[in-house]
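Engineer: My structure is below; once you've seen it, I'll send some questions.
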Amino acid sequence: MTDPTDRAADDAVSSSSKDLRGLRAATVVAVLRAPTAEAGILATDALVAGGVTGIEITYSTPDAAAVIREVRRRHGDAVHLGAGTVLEPRQAREAVEAGAEFLVSPGTDAELAGAMLGSGVTVLSGALTPSEVMTALRLGVHVVKLFPASLGGPAYLKALRGPFPQVDFVPTGGVNAGNLAEWLAAGAVAVGAGGELCPATAMADGDWATITANARQFSDAARRARGAQA
């Protein structure tokens, strides 16, 4: 008899190829930690203006669900929109009701993963070590958020891909426009970037032009990297 957790892992692997089209197309996911709800909305406008359409509104942003709802209203299907720093089951439900297409947690917890998977959208759970990746697989998550990716760099991701070729990884932390191509070459399906795209000072000062310029650098780098892979 097949172990249910093994079946969940198999289902996650097969479904991820279908569910990850938005992430692959976006390539860059902006991890947005805004000081206010308004800053989160305006920062998203600036990111989209610069060509970054993968948007992760974290739950460290005040009124995160309201921000998700407004971003969806303003940008519709032009953005691949998700919720990040999901720490509680209720946040998963709330975010999906607001319009999130994917959910991201910084770590892998069985109860939380179950709630996220039950929401019906793509689930990214954080992991760093091989043991944590195995736990995420057995719980059935669709994508592993490699975090903090800066601790190992692209070489570490490439090493993880050896025993886990079936896993879709999205490294987050330490990704910038200069090394984005290395991460994709190492096997990342997409990358997450926070302060490198949306510096805290820029959001606090309302410096949306800087965020747009950063987004343009990332989107240009992603386009070149995808072109080299073709």
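Engineer: Among the residues of region 95-118, write down those that are crowded, with 21+ Cβ neighbours inside 10 Å and more than 13 Å from the chain's Cα centre (by Cα).
Structural biologist: Answer for region 95-118, where residues must be crowded, with 21+ Cβ neighbours inside 10 Å and more than 13 Å from the chain's Cα centre (by Cα): A95, V96, T108, L112, A113, M116, L117.
Engineer: Can you confirm whether T85 is surrounded by fewer than 20 Cβ atoms within 10 Å (Cβ to Cβ) and modelled with pLDDT of 95 or more?
Structural biologist: yes
Engineer: Identify all residues within region 34-77 that are touching a Leu at 6+ places or on another chain (Cβ under 7 Å) and of a type in the set (K, R); write none if there are none.
Structural biologist: Residue satisfying the conditions is R72 alone.
Engineer: List pairs: first residue in region 26-49 and in contact (Cβ under 8 Å) with a residue 60 or more places away in the chain and closer than 15 Å to A66 by Cβ, second residue among the charged types (D, E, K, R) and surrounded by 23 or more Cβ atoms within 10 Å (Cβ to Cβ) anywhere in the structure, Cβ distance under 7 angstrom, at least six positions apart or on different chains.
Structural biologist: L32/E56
Engineer: Let me ask something additional. Step by step: first the residues of region 47-94, then only those that are more than 17 Å from the chain's Cα centre (by Cα) and of a type in the set (A, V, I, L, M), then the one that is farthest from D220 (Cα to Cα). Which residue is that?
Structural biologist: Per the stated criteria, the residue is A66.
Engineer: Would you pick out the residues in region 108-139 that are more than 15 Å from V96 (Cβ to Cβ) and small (G, A, S)?
Structural biologist: Those that are more than 15 Å from V96 (Cβ to Cβ) and small (G, A, S): A110, S125, G126, A127, S131, A136.
This table checks each residue for (1) at pLDDT 95 or above; (2) in contact with a strand residue (DSSP E or B) (Cβ under 7 Å, 6 or more places away or on another chain); (3) surrounded by 15 or more Cβ atoms within 10 Å (Cβ to Cβ); (4) not polar (S, T, N, Q).
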{"position": "D10", "(1), (2), (3), (4)": "no, no, no, yes"}
{"position": "R21", "(1), (2), (3), (4)": "no, no, no, yes"}
{"position": "V29", "(1), (2), (3), (4)": "yes, yes, yes, yes"}
{"position": "A43", "(1), (2), (3), (4)": "yes, yes, yes, yes"}
{"position": "V48", "(1), (2), (3), (4)": "yes, no, yes, yes"}
{"position": "T53", "(1), (2), (3), (4)": "yes, yes, yes, no"}
{"position": "I57", "(1), (2), (3), (4)": "yes, yes, yes, yes"}
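Every residue, every condition in (1) touching a Pro at 6+ places or on another chain (Cβ under 7 Å); (2) hydroxyl-bearing (S, T, Y); (3) modelled with pLDDT of 95 or more, yes or no:
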| site | (1), (2), (3) |
| --- | --- |
| A115 | yes, no, yes |
| T122 | no, yes, yes |
| G126 | yes, no, yes |
| T129 | no, yes, yes |
| E132 | no, no, yes |
| T135 | no, yes, yes |
| R138 | no, no, yes |
| V141 | no, no, yes |
| G152 | no, no, yes |
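Engineer: Continuing with this model, one more query. Does any residue in region 85-99 that is of a type in the set (K, R) come within less than 8 Å, Cβ to Cβ, of a residue that is surrounded by 18 or more Cβ atoms within 10 Å (Cβ to Cβ) six or more places away or on a different chain, and which pairs are these?
Structural biologist: Listed by first residue and then by second, the contacts come to R93/A115; R93/S119.
The values are calculated or read from the model by the stated rules, or taken from the named source; none is laboratory data. All figures in this text were calculated on a predicted structure; none of them were measured in a lab. Heads up, the Cβs are rebuilt from the backbone with ideal geometry, glycines too, and the neighbour counts pull from every protein chain shown.
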